[in-house]
1. Which of the following residues is over 25 Å from Q382 (Cβ atoms), of a type in the set (S, T, Y) and open to solvent by 60 Å² or more (accessible area, probe 1.4 Å): S203, S233?
2. Pick from L476, L498, L513: which is closer than 21 Å to S399 by Cβ and of a type outside the set (D, E, K, R)?
3. Please state which one of E407, E443 is acidic (D, E), modelled with pLDDT under 90 and over 26 Å from F534 (Cβ atoms).
4. Can you confirm whether the stretch 174-190 contains a residue that is acidic (D, E) and over 18 Å from the mean Cα position of the chain (by Cα)?
5. Those residues that are in contact (Cβ under 8 Å) with a residue 40 or more places away in the chain, in a helix (DSSP H, G or I) and either open to solvent by 20 Å² or more (accessible area, probe 1.4 Å) or among the basic types (K, R) (or both), I need them from the stretch 236-256; list them, please.
6. Across the stretch 124-142, which residue is nearest to the chain's Cα centre (by Cα) among those that are modelled with pLDDT of 85 or more and open to solvent by 30 Å² or more (accessible area, probe 1.4 Å)?
Amino acid sequence: MKFGKINIKNYKILKNLKLDFTDKKGKALDIVVLAGLNGTGKTSILEYLKEKLLIENKLSINNKIAIITVEKGIDDGTSFMYFPANYLSVGFFSDSHKNKNDIFLKSIIKYIDKLVFDENKNPQDAYSEIRNIFNNIYKNFDLKFRFSNLDRNRDLFFINEQNVKIKLEELSKGEQELIQRTFTLYLSNIKDGLILIDEPDASLHPIWQKYLLEVYRSFAKRNNNQIILATHSPFVIASAKAEEVFLLQTNKEGNITVSNPKYSKGHSISYILSEIMNTDFRNNEIVEDYLSLVREGKHKSEKGQKLKKELDELLKIEKLSISEKKTDYLEKRKKEAKKFNLNKKARKEIISKLKSSQKDLCCYCECRINYKNQHIEHFFEQKTHKALIFDYPNNLFLSCEGEPETEQEQKNRKQNITCGHKKSNVNLENVNYVLLINPQKIEKILFLYLENGKIEASKQCNEQEEKKVNYSIKRLNLDCEKLERNRREAIFRIGKELFILSIMEQKNYIRMLLNENNDEFPAFYSAIKDNFGFIINI
């Protein structure tokens, strides 16, 4: 259900207010942003729509009566959701004494129960699905926590950066507000419906406000919903299209009027504040003091010249165009890139250290690394973890290029690309870092390399570790035809060499290959160790 034209004749401070939530083609907008100063009726519009839907169950739109089905709770075919500014209200939940954490917890439990009991998934797979949803929603937010699980008492837990489990109420107010107002939506089953949100930016960091609208836009588009939100945030307004922004103002007669700005998306915050929100962000005291000196003819005094200089600096900042700001941003990014990608000396030094620490082997598949077959691998992808791009050695490894070798493999290129490339640009699904094994974090034997070149979870793995192994093998394509063949050939070649040696010579040969003090390890070191390491102890 989407609303186009609405005429509010007499509701609170709103008198004969006509709203047209349609685009140039007459199609109802997916996103509507109500902006304006306090007292201009943003919340009143939301409450008007809520009352019409919940109490009368009808609303005149384009001279037609739309009948709305409103059901209690979420995930029950709900066609309407309302998020007020000071509490979380879903569907028919009342305005009073509802604890928003309880409501959010119930939405998580309900979603998990649906996966487990209706779709016959085991709890771990249900948690994994929720983690994937969580990671996808907040991929641009650089959150310091992630979804974990429910315990036996059905308490909800997250995991922080120190891998410590924490409860929902232990998150900051901003973090709680963010996930309650967005994650709840994605766990709901609302489709073809209306979602009203008052001050979604409350308690949120400006960087989060910047990406907030895209989260809502994605959800609205995916489920054919219309989201109408009221905001004071210039960051939210700056991320909206002009046709989506409805600026509410009070005219000379004291009536509320509505208009669309000429521009909004991509503009500077100073432009949004001054031109759209009609807010003077400058220091008026400086202006008044200088004008006072001008009237007295003292503007050329030492004080006047000082004030004039301050005003000139403010005007210079205001006149900085968007293109100039964009240029500054790009230059800053270039400098960062140069620090890592373009500084050949630093890059060479990092590669040398990584090759030494990894004994010349790829961090994932253990192929031999050489200067033609190597790249610096970021375990956490650069596009989603920008703060870790230059984190050496915690986030940087050396990986092979993972390129196909035979003519047939070239034809089946996607199937045979492995390691870092498979993790990132060839695989469209978001990486699940909870399940992907970090080469630097392995504390026990997790992989078992078989004689036929295949790889599987070690017998020492528990259930969760086995899931991590299976996910990592699939995600990095470590079981592709190329790697299986190369492992198999390496095992066969060493076996053939051992065949003509005495027991003592065999022991010395394997001991030499697996010597931890070697500067280099043979390709597929772990496969060799799993298949021939026992000889040393004969």
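The values are calculated or read from the model by the stated rules, or taken from the named source; none is laboratory data. Everything quoted here is computed from the prediction, not taken from an experiment. No Cβ is skipped: glycine too gets one built from the backbone with ideal geometry, and neighbour counts run over all protein chains shown. Ligands, DNA and RNA are stripped out before the accessible areas are found, and what is left, the full protein with its side chains, is counted by its heavy atoms. Shrake-Rupley method; radii C 1.70, N 1.55, O 1.52, S 1.80 Å.
1. Working: S233 fails: open to solvent by 60 Å² or more (accessible area, probe 1.4 Å).
Matching residue, one of S203, S233: S203.
2. Numbers: L498 fails: closer than 21 Å to S399 by Cβ; L513 fails: closer than 21 Å to S399 by Cβ.
Of the residues listed, the single one that is closer than 21 Å to S399 by Cβ and of a type outside the set (D, E, K, R) is L476.
3. Working: E443 fails: over 26 Å from F534 (Cβ atoms).
Step by step, each of E407, E443 is checked, and only E407 is acidic (D, E), modelled with pLDDT under 90 and over 26 Å from F534 (Cβ atoms).
4. Residues of the stretch 174-190 acidic (D, E): 175, 177.
Still in the running and over 18 Å from the mean Cα position of the chain (by Cα): none.
No; the residues of the stretch 174-190 include none that is acidic (D, E) and over 18 Å from the mean Cα position of the chain (by Cα).
5. The answer is E243, and nothing else.
6. In this case the residue turns out to be K139.
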